[in-house]
1. So, in the stretch 31-79, how many residues would count as being at pLDDT below 85, surrounded by 11 or more Cβ atoms within 10 Å (Cβ to Cβ) and polar (S, T, N, Q)?
2. Is there any pair linking a residue in the stretch 54-71 that is part of a helix (DSSP H, G or I) and of a type in the set (A, V, I, L, M) to one that is surrounded by 12 or more Cβ atoms within 10 Å (Cβ to Cβ) and modelled with pLDDT under 90, with Cβ under 7 Å and at least six apart or on different chains, and which?
Amino acid sequence: MQQQPLSPPLAPAGRSKQAAPPAAPPPPPTQQAALTPEEVKAQCWMKYENDKRIKNIDARLQLVEKCIADTSRGQPPAR
């Protein structure tokens with residue numbers, strides 16, 4: 001007696017056995033929103049916060065102020 005190959009099980013009515021195609025990633029923002037002065041200051045402080053090489057708070061403050069000035073210069077004017 002020969003065994004017949006089993007046919008694949010049928011999917012329930014209205015359902016596909018294929019997975020849905022992956023969703024397309026959202027498009028990148030066309031223009032980056034301007035940062036508020038508070039956000040710029042926070043980002044610059046966080047940039048140097050854990051830098052163990054800068055022990056002196058005055059030296060850290062100078063670096064943060066320079067970062068704030070450089071970052072603010074590249075921002076569009078506030079409305």
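The values are calculated or read from the model by the stated rules, or taken from the named source; none is laboratory data. This one's a predicted model, so the numbers in the text were calculated from it and none came from an experiment. So basically every Cβ, Gly included, is an ideal-geometry build from the backbone, and we count neighbours across all protein chains shown.
1. Summing the residues that are at pLDDT below 85, surrounded by 11 or more Cβ atoms within 10 Å (Cβ to Cβ) and polar (S, T, N, Q) in the stretch 31-79 gives 1.
2. If the second residue must be surrounded by 12 or more Cβ atoms within 10 Å (Cβ to Cβ) and modelled with pLDDT under 90, the pairs left are LEU63/TYR48; LEU63/ILE54; VAL64/TYR48.
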